[in-house]
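K.L.:
First, the structure itself, so that you have it in front of you.
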Amino acid sequence: MPKTRLLQTYWRKTLRITAVLVAVWFVATFVVVYYAADLNRFSFLGFPLGFFMAAQGSLLIYVALVWFYARYMNRLDKECGVAEE
Amino acid sequence: MGARKNKQYFRSLSRYYGLYTGGFITFIILLAIAEQMGMPNAWIGYIFMVATLGLYTTIGVLSRTADISEYYVAGRRVPAIFNGMASGADWMSAATFIGMAGTLYLSGYDGLAFVMGWTGGYVLVALFLAPFLRKFGQFTIPDFLGARYGGNLPRMIGVLAAILASFIYVVAQIYGVGLISSRFLGIDFTTGVYVGVLGILVCSFLGGAKAITWTQVAQYVILIIAYLVPVVMLSQRITEVPIPQLVYGEVLEKVTEREQEIFNDPAQKEALRLYAQKADMLAAKIKMLPASLETERRQAEARLARLRAERPAKAEEIAAAENFLGHLPRTEMEARQRWGKELEAARASARPPAPHADPFAGKTEASRDNARRNFLALAACLMIGTAGLPHILMRYYTTPTVREARESVFWTLFFIFLLYSAAPALAVLVKFEVYTKLIGTSISDLPSWMAAWGVKINDINHDGILQLAEISINPDIIVLAAPEIAGLPYVVSGLVAAGGLAAALSTADALLLVIASALSHDVYFQMVHPEASTPLRIFLSKALLLVAALVAAFVASLRPDTLLSMVAWAFSIAGAALFPVLALGVFWKRANWAGAVAGMVLGLGVTLFYLVGVRFYGMTPWFGIRDIAAGIFGVPAGFIGVIAASLLTPPPSEETQRLVEYCRYPRLQASETEP
């Protein structure tokens, strides 16, 4: 593939992964809080689920999102030939 | 730097900090033994303070530097994991360490907006900013604005926003330092503030970002140990499992059961009613000013005269009456102020408490909806603010590569998570202790920590038994007093104080550096005197740092009482003024000079207008949103400003578009880019 096309692919994939991860982030934050009272009817590890999500669950999702992004992007760098030495 | 050399550097860093952590733990154990052998508490407090401050000074002196890149961005050779620790210490401030668990204790679920807001923002940092700013690779955040949008105006507004947000934030840190050092060194608050500033200066003054980075790594180790030890010990004692995050669900269940008993206790209801009565009385008195003050004085005088005339004279009652008269407010202003405060306190005590795990406390559907809106708005502001605060963003300038910048955000969030997941646990565990061991017991046998930490008890229904409504705790003491609440040895208290100090100092250092470099690098070097020599630039930065620290200390010593909300303002300001221009600067090539200026002015303007209006001028809140979430209006205003003004004016130059391309790809020379 010519270099230009590769760069375009790289940026397109970057935008796509960014959009997907932002969507997950949005759900883990705003949807989860919006429905906290309903989630609280379920229980997890003894916690009401709504409370658990805001205190730990969403936080774990954030950590996982950032971890996944770093891994995905570092691989994409190599695939598209823009990885640093 | 070659990969081999990098690896070697990483290994020796790991060895140093491994040894250091072991040393610190040994130090704690030795002190614990000394305590058992009878070392007085005051000594333990002093030893912790002196030892940790001494340590920071040593690191500061060892990493002193005169190199400009080391001074501003630590030479860009901080490996991802160490930068993660440094950013973690940078991030976790006095508000996190001292304040957060207390807020959670008081407001239960609704306080979790801080926990989510102060972690979720890192997703935005990772996705929209950190790797691109690293590729851009200059010294400050306004540098990016200057290069991306051209001209001095965007840079100048960026400097203004950065300084405003950082200054508000640093005042809160210095306040925290003053609080801790005055409490543990037994000096008065103002002296404590200046002692604290000294601690801040030894490090940032000598070595800039380099010294700050390596001190912050050390501070992270101290603060995380200090935060986790009491939570783990408390968890072990209550549940017999030392992993609080896993097991405090059960404790929460017990707290919820106990809440029902307490809330339905007739004595508690009576106490609430009496507080409501007191609040009404105070409100009536304030309304009748100045006549009510006159009546109050006359009554007191009459009572005193009557007592003096009585035979046999009751000396004690006379003294009390004299005292009461002497302490009456002298002017209408004073009365209004003092009674207003009492009214606020009485109203707070009269409010029925909400169950800990229930979201969005409120009597009616509408008030619950409003609480939910505020939670969402605050969480959004804190997250976007995280991605706009310069002292955080500049940390990602310091990694060797783009790749490590990404990994470093992960490590940062991971290290922060360790503390943030423990804070709600601590709040629940302390609540369990208070609700099961103190509420309902006789007021005469309350433990001594309550008086020592200024917990106010007012037996309003005179039954000699402590009801929940009768106790008012300043949330800022929950963490500092946790070891005593849990009956842990004093060495843990000393450790927690050292941890709080580490949290406040590490954040303050970074904030002061942002302020100093915005002025010395962005204003002086970039705009006024581009030929300035390196020694002059560093000298100027240090001088400004000193000035900023002293001004902030002065403001902190006035004890502004709106401090906690001020911290949240800093987030709204940074989020609204900086996040839109930074993110669109990378993701939208079409954004131009006019857009940047319009976006920042509009974002900053709307935020400031809203928060000052609502806070100080009694403006009616829009959609019931409180002033601390002002950014919820400012951020969209910022985005609209950038987009609208950019589209109305010609696109930026090709050179600018090439810069955007350059930032997007980790390995791309400026010459390789396509238009």
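The values are calculated or read from the model by the stated rules, or taken from the named source; none is laboratory data. The structure displayed is predicted, hence computed values, not measured ones. Cβ placement follows ideal geometry from the backbone for every residue including glycine, while neighbour counts extend to all protein chains displayed.
K.L.:
Do we have B:GLU296 as among the acidic types (Asp, Glu), surrounded by 15 or more Cβ atoms within 10 Å (Cβ to Cβ) and touching a helix residue (DSSP H, G or I) at 6+ places or on another chain (Cβ under 9 Å) here? So that I can check it myself, show each step before the final result.
P.N.:
Working: among the acidic types (Asp, Glu): yes; surrounded by 15 or more Cβ atoms within 10 Å (Cβ to Cβ): yes; touching a helix residue (DSSP H, G or I) at 6+ places or on another chain (Cβ under 9 Å): yes.
When the stated conditions are applied, B:GLU296 passes them.
K.L.:
Quick check on this structure: which one of B:ILE538, B:ILE515 is under 24 Å from the mean Cα position of the chain (by Cα), under 29 Å from B:THR57 (Cα atoms) and in a helix (DSSP H, G or I)?
P.N.:
B:ILE515
K.L.:
Would you check if B:GLY605 is in contact (Cβ under 8 Å) with a residue 60 or more places away in the chain and either assigned to a helix (DSSP H, G or I) or not assigned by TED's automatic domain parsing to the domain that holds B:ILE157 (or both)?
P.N.:
Judged against the criteria, B:GLY605 is not a match.
K.L.:
Further, regarding this structure: Looking only at the stretch B:455-481, which residues are crowded, with 17+ Cβ neighbours inside 10 Å, small (Gly, Ala, Ser) and within 30 Å of B:LEU495 (Cα to Cα)?
P.N.:
B:ALA481
K.L.:
Name the residues in the stretch B:168-211 that are basic (Lys, Arg) and at pLDDT below 85, would you?
P.N.:
Residues of the stretch B:168-211 that are basic (Lys, Arg), as a first pass: B:183, B:210.
Answer for the stretch B:168-211, where residues must be basic (Lys, Arg) and at pLDDT below 85: just B:ARG183.
K.L.:
To continue, here is another question. Please work out which one of (1) surrounded by fewer than 14 Cβ atoms within 10 Å (Cβ to Cβ); (2) over 30 Å from B:LEU106 (Cβ atoms) is the condition B:GLN337 fails and give its number.
P.N.:
B:GLN337 satisfies all of (1) surrounded by fewer than 14 Cβ atoms within 10 Å (Cβ to Cβ); (2) over 30 Å from B:LEU106 (Cβ atoms) except (2).
K.L.:
Residues to consider are B:ALA568, B:ALA549; find the one that is outside the structural domain of B:PHE139 (by TED's automatic domain parsing), in contact (Cβ under 8 Å) with a residue 40 or more places away in the chain and either under 22 Å from the mean Cα position of the chain (by Cα) or not in a helix (DSSP H, G or I) (or both).
P.N.:
B:ALA568
K.L.:
Within the stretch B:358-456, considering only helices (runs of 4 or more DSSP H) that don't extend past its boundaries, which have at least 3 residues that are within 14 Å of another protein chain (Cβ to nearest Cβ)? Spell out how you get there, then give the answer.
P.N.:
On the way: elements: B:365-386, B:390-393, B:402-420, B:422-433, B:448-452.
Ranges flagged: B:365-386, B:402-420, B:422-433.
K.L.:
Given the structure, is B:PRO652 touching a residue at least 40 places away in the same chain (Cβ under 8 Å) and either buried (at least 24 other Cβ atoms within 10 Å of the Cβ) or small (Gly, Ala, Ser) (or both)?
P.N.:
Here the answer is no, as B:PRO652 does not meet what is asked.
K.L.:
Just to be sure I understand the filter: pairs with C-beta atoms under 6 Å, separated by 6 or more residues or on different chains, first member in the stretch A:7-18 and farther than 9 Å from B:ARG664 by Cβ, second member of a type in the set (Phe, Trp, Tyr) and part of a helix (DSSP H, G or I). Which pairs pass?
P.N.:
A:ILE17/A:TYR72
K.L.:
Separate question: Taking into account only those residues within the stretch B:332-346 that are out of contact with any Phe, Trp or Tyr (no Cβ under 8 Å at 6 or more places or on another chain) and touching a residue at least 24 places away in the same chain (Cβ under 8 Å), which is farthest from A:ALA37 (Cα to Cα)?
P.N.:
Here the residue is B:GLU332.
K.L.:
Another question, if that's okay. Give me the residue from the stretch A:40-59 that is more than 7 Å from every other protein chain (Cβ to nearest Cβ) and surrounded by fewer than 21 Cβ atoms within 10 Å (Cβ to Cβ) and, out of that set, nearest to B:ARG368 (Cα to Cα).
P.N.:
Step by step, filter the stretch A:40-59, then rank; the result is A:ARG41.
K.L.:
Just one of (1) at pLDDT 90 or above; (2) surrounded by 17 or more Cβ atoms within 10 Å (Cβ to Cβ); (3) closer than 21 Å to B:LEU185 by Cα trips up B:LEU53, so point out which.
P.N.:
B:LEU53 satisfies every listed condition except (1).
K.L.:
Another question about this same structure. Any chance the stretch B:242-258 includes a residue that's assigned to a helix (DSSP H, G or I), at pLDDT 85 or above and within 24 Å of B:ASN461 (Cα to Cα)?
P.N.:
Yes.
K.L.:
Output the residues belonging to the stretch B:552-565 that are in a helix (DSSP H, G or I) and free of Cβ contacts under 8 Å to residues at least 12 places away in the same chain.
P.N.:
The one that is in a helix (DSSP H, G or I) and free of Cβ contacts under 8 Å to residues at least 12 places away in the same chain: B:PHE554.
K.L.:
Mind checking whether some residue in the stretch B:63-71 is touching a residue at least 60 places away in the same chain (Cβ under 8 Å) and either on the phi > 0 side of the Ramachandran plot or not assigned by TED's automatic domain parsing to the domain that holds B:PRO131 (or both)?
P.N.:
No, the conditions are met nowhere in the stretch B:63-71.
K.L.:
Output the number of the condition that B:VAL125 fails; it satisfies all remaining conditions of (1) assigned to a helix (DSSP H, G or I); (2) over 22 Å from A:ASN74 (Cβ atoms); (3) aliphatic (A, V, I, L, M).
P.N.:
(2)
K.L.:
If the requirement is being facing chain B (nearest Cβ under 8 Å) and in contact with a Lys or Arg (Cβ under 7 Å, 6 or more places away or on another chain), which of these qualifies: A:VAL82, A:VAL22?
P.N.:
Result: A:VAL82 is the single residue among A:VAL82, A:VAL22 that is facing chain B (nearest Cβ under 8 Å) and in contact with a Lys or Arg (Cβ under 7 Å, 6 or more places away or on another chain).
K.L.:
Identify, from the list B:GLY75, B:GLY54, the residue that is over 24 Å from the mean Cα position of the chain (by Cα), without any contact (Cβ under 8 Å) to a residue 40 or more places away in the chain and assigned by TED's automatic domain parsing to the domain that holds B:VAL409. Give the steps one after another, and end with the answer.
P.N.:
Details: B:GLY75 fails: without any contact (Cβ under 8 Å) to a residue 40 or more places away in the chain.
Only one candidate passes the filter, namely B:GLY54.
Here's the yes/no breakdown for (1) of a type in the set (A, V, I, L, M, F, W, C); (2) in contact with a helix residue (DSSP H, G or I) (Cβ under 9 Å, 6 or more places away or on another chain); (3) surrounded by 20 or more Cβ atoms within 10 Å (Cβ to Cβ); (4) more than 28 Å from B:LEU198 (Cα to Cα):
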| residue | (1), (2), (3), (4) |
| --- | --- |
| B:LEU13 | yes, yes, no, no |
| B:LEU30 | yes, no, no, no |
| B:ARG64 | no, yes, no, no |
| B:PHE82 | yes, yes, yes, no |
| B:SER87 | no, yes, yes, no |
| B:THR103 | no, yes, yes, yes |
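K.L.:
Test A:ALA28 against the criterion of being over 30 Å from B:ARG667 (Cβ atoms) and of a type outside the set (D, E, K, R), and give yes or no.
P.N.:
Answer is yes for this residue.
K.L.:
OK, next. Can you tell me which residue among A:ALA64, A:ALA37 is within 7 Å of chain B (Cβ to nearest Cβ) and either more than 16 Å from B:VAL247 (Cα to Cα) or in contact with a Leu (Cβ under 9 Å, 6 or more places away or on another chain) (or both)?
P.N.:
None of the others qualify; the one that does is A:ALA37.
K.L.:
Failed condition for B:LEU198, given (1) within 14 Å of chain A (Cβ to nearest Cβ); (2) of a type in the set (A, V, I, L, M, F, W, C); (3) out of contact with any helix residue (DSSP H, G or I) (no Cβ under 7 Å at 6 or more places or on another chain), with all others met?
P.N.:
For B:LEU198, the failing item is (1).
K.L.:
Any residue at all in the stretch B:361-372 that is in contact with a Gly (Cβ under 7 Å, 6 or more places away or on another chain) and within 30 Å of B:ALA267 (Cα to Cα)?
P.N.:
Yes, because at least one residue in the stretch B:361-372 is in contact with a Gly (Cβ under 7 Å, 6 or more places away or on another chain) and within 30 Å of B:ALA267 (Cα to Cα).
K.L.:
For B:GLY75, only one of the following conditions fails: (1) out of contact with any Asp or Glu (no Cβ under 9 Å at 6 or more places or on another chain); (2) surrounded by 13 or more Cβ atoms within 10 Å (Cβ to Cβ); (3) not acidic (Asp, Glu). What is its number?
P.N.:
(1)
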